[in-house]
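The values are calculated or read from the model by the stated rules, or taken from the named source; none is laboratory data. Keep in mind that this is a model prediction, so the values were computed, not measured. Quick reminder, even Gly has a Cβ in these numbers, built from the backbone with ideal geometry, and neighbours come from all protein chains shown. Keep in mind that these areas ignore ligands, DNA and RNA; they rest on the heavy atoms of the full protein, side chains included. Shrake-Rupley method; radii C 1.70, N 1.55, O 1.52, S 1.80 Å.
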Amino acid sequence: MIEFRGVTKTYNAGQPAVEDLDLEIGEGEIVALVGTSGCGKTTTLKMVNRMVEPDRGEVRVQGKSVMEMDPISLRRSIGYVIQEIGLFPHWRVAANIEAVPKLLGWEAGRRMERRDALLRMVGLEPSAYASKYPDELSGGQRQRVGFARALAADPSILLMDEPFGALDPITRRRLRAELGSLCRQLKKTVLFVTHDPVEALLLGDRIAVMDAGRLCQVGTPRQIRGQPASELVRELMTIEAPA
């Protein structure tokens, strides 16, 4: 579970990036954060693993304030997937996926078993891909490896920031369907940022719409589409028909 209680974050004494945020993500729930650029989505996401720290209010993970946790241990306990993927280019796929389990002290056999299971789970055969370097992979394959790395230590929580944004439309559609299904099968608690209304509607159990640092509306995809709380919400969640 992730909880935001009256959370505010301001940069350089300007307009708050996030202001008085109250939001709860339940166990095994997938929540999409949507809104215009600069509305506070990514700041909200990064406060969960203390990459950004709130000025006021409280962020809680599994019932405990993140400010009471060691930030390094906290980050190692949470899966994190970003648009740029962030694989270490000089490490092979195997080393990238095993990075966090190795830091946690897993013995080699356990790491290898987990790595191979995850590669198969994301549709990559270990014998063909474990020894490759990131620059030998396609964008979709790198994103699959990034997702496998985020799951390597079996975290209960996943944070995803525009995880499919850099992919071509066909790969994006296929991969978000596969990984969304996988998150549900594994019963992960997921908070993800997206600008894509289709992505939010397809993957989110609930959608949280933000504007200028504030939460505008939270609801199921049906509620958000059928009963938008404002014109902004209506515009953000409008799906244009292809020309």
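Annotations for the structure displayed:
- Flag if I239 is over 17 Å from E24 (Cα atoms), modelled with pLDDT under 80 and not in a helix (DSSP H, G or I): yes
Residue by residue, here is whether (1) in the same structural domain as L182 (by TED's automatic domain parsing); (2) open to solvent by less than 40 Å² (accessible area, probe 1.4 Å); (3) modelled with pLDDT of 90 or more holds:
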| position | (1), (2), (3) |
| --- | --- |
| V7 | no, yes, yes |
| A13 | no, no, no |
| V18 | no, yes, yes |
| E29 | yes, yes, yes |
| L33 | yes, yes, yes |
| S37 | yes, no, no |
| V48 | yes, yes, yes |
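- When residues in the range 67-123 are screened for being touching a residue at least 60 places away in the same chain (Cβ under 8 Å) and either small (G, A, S) or assigned to a helix (DSSP H, G or I) (or both), 5 of them pass.
- Any hit, the range 158-175, residues being part of a loop (DSSP other than H, G, I, E, B), open to solvent by less than 10 Å² (accessible area, probe 1.4 Å) and out of contact with any Gly (no Cβ under 7 Å at 6 or more places or on another chain): yes
- Here Y129 does not qualify as in contact with a Leu (Cβ under 7 Å, 6 or more places away or on another chain) and under 28 Å from I2 (Cα atoms).
- Flag if R184 is modelled with pLDDT under 80, within 20 Å of the chain's Cα centre (by Cα) and not in a loop (DSSP other than H, G, I, E, B): no
- Search result, residues across the range 71-94 that are in contact with a Leu (Cβ under 7 Å, 6 or more places away or on another chain) and open to solvent by 40 Å² or more (accessible area, probe 1.4 Å): R76, Y80
- Set L167, L191, L203, L179: member being within 14 Å of Q143 (Cα to Cα) and touching a residue at least 40 places away in the same chain (Cβ under 8 Å): L179
- Remark: pairs (first residue in the range 127-155, in the same structural domain as L104 (by TED's automatic domain parsing); second residue buried (at least 21 other Cβ atoms within 10 Å of the Cβ) and polar (S, T, N, Q); Cβ separation under 7 Å; 6+ apart in sequence or on different chains) = V145/N96; R149/N96.
- Test: residue in the range 63-70 that is closer than 28 Å to L119 by Cα and surrounded by fewer than 21 Cβ atoms within 10 Å (Cβ to Cβ): no
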